[in-house]
Amino acid sequence: MMKNKRLVWIVASLVVLASLLTWWMMSGGTAQTDIIEANVKEGPFEILVTTTGELEPKNSVSVRGPSALEQYGIYQIKVSDLVPEGKVVAKDEFVASLDPTELTSKLKEADNDFVKFQAQFLQTQLDTSLTLRQARDELVNQRFAVTERELVLSQSKYEPPATIRQAEIEVEKAKRTLKQSIENYTIKRKQASAKITEVQASLSTAQSKKEGIMDLLNQLTIKAPSPGMVIYRRNWSGQKIVVGGTISSWDPTVAKLPDLTTMMSTTYINEVDVRKIKVGQQVKIGLDAVPDKSLTGNVVSVANVGEQRPNSDAKVFEVRIQVNEKDTTLRPSMTTSNKITTGKLAKVLSVPLDAVHLLGDSLKFVFRKDGGSYVRQEVLTDLANEDAIVISAGINGADIVALSTPPNADKLTLVPLAPAIKKAAKEAAIKASGIKDTTKPASAPVASGPSKTIVAQ
């Protein structure tokens, strides 16, 4: 009797096990609850370009070093001291100082030149004074000579005619010599004036250079032109200028004092996506430093010319986005995530990107739930964003698709699209894009397809 009961129990267990095994095999080899599913979404669809940017103020005041460095042969100068970045300074408060070594050397040279020209000016004054004094003495002597010759002539009126004539000639010679001496004195005065003017100009130049360098030395201590938060300036390679760095004479900006009331996010878009970006498009902005904060903005400028960023071979285009909100947590150089809405589709069907699979080179399908199992449903896709893709034909809004691959997926039934549906979807896509379909006669009827309206942002 006990043996019969045991036999019945074993048979019942085998029947239950066989039933479970049959159900497991019919359901694809595993419990359906292990497969991740998603509902087909019906409604508006946003096309996004996602990129990383960096916050910076729209307006800022530059903290600049002296602008006349190049005038004195200094083309680069080191930063010897700089307040910490982010410090809030008042107007005329110390911000930075520049290395005075090269300028001090220039000042010593200018001082030597000034002393040399000062001595040269004094020497020229003495030389011209002595030369003109000699010329004046010569004029006095020549006037006495003329008077003497005239006296001899007056005393020779009773002398023979030859003697009188000789005395007249001597008077004429003395007068001519006096006239030449007067002309020579005039020329020497002009020469002396020109020499003094020349040396005086050199002395004045040396003095101006010396005073200019002394004034520049005072300007090496840089103060804030207005109150604000100090933000270090970046050079052409994107590196911040810090202590030990150099600034150039043609752009002596050391730091900036930003206006934090209006912020911009500067980002760089690759050459493939930049054609989608237009001024005025809406942007959703996130902050890496504050993940729970969400901001909005608008594209305000798109560069026409691409550039190559450091450590990158790709060409990118600068895009500037103005942040709409004013927030005290916003700081320059914060990293932002920017989702630029480049377009919207109204009332379309979409599924997550993971739901769409490729068979062969061109056939796309999804695992559509059909009762307790799945079928491979061929679909036609359209535009996509980083999360989802639009399905133009093959499913409807009530369908459920699998995001993970069911067991024995290659054995599941493949449900192809009817040629008429493919043709209708293609014609609808061409009509929506405004492109004329040259593959069909002009009189052929246009099949209806999924409604899709593109709204430019």
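The values are calculated or read from the model by the stated rules, or taken from the named source; none is laboratory data. These numbers come from a predicted model, not from an experiment. All Cβ positions, even for glycine, are placed from backbone atoms using ideal geometry, and neighbour counts span all protein chains on display.
Structure values in brief
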quantity: Enumerated strands (runs of 3 or more DSSP E) restricted to the stretch 303-378, each holding at least 3 residues that are within 30 Å of Gly86 (Cα to Cα); calculated: 315-323, 335-352
quantity: Yes/no for Val40 being over 30 Å from Leu383 (Cα atoms), buried (at least 16 other Cβ atoms within 10 Å of the Cβ) and in contact with a Gly (Cβ under 8 Å, 6 or more places away or on another chain); calculated: no
quantity: Which numbered condition Gly53 misses (of (1) at pLDDT 90 or above; (2) surrounded by 10 or more Cβ atoms within 10 Å (Cβ to Cβ); (3) assigned to a loop (DSSP other than H, G, I, E, B)); calculated: (3)
quantity: Test: residue in the stretch 244-256 that is surrounded by 14 or more Cβ atoms within 10 Å (Cβ to Cβ), modelled with pLDDT of 85 or more and closer than 27 Å to Gly297 by Cα; calculated: yes
quantity: Number of the exception - Lys339 against (1) within 40 Å of the chain's Cα centre (by Cα); (2) over 30 Å from Ala255 (Cβ atoms); (3) loosely packed, with under 13 Cβ neighbours inside 10 Å; calculated: (3)
quantity: Failed condition for Lys91, given (1) closer than 30 Å to Tyr268 by Cβ; (2) more than 22 Å from the chain's Cα centre (by Cα); (3) of a type outside the set (S, T, N, Q); calculated: (1)
quantity: Filter result for Leu122 (more than 16 Å from Asn184 (Cα to Cα) and not basic (Lys, Arg)); calculated: yes
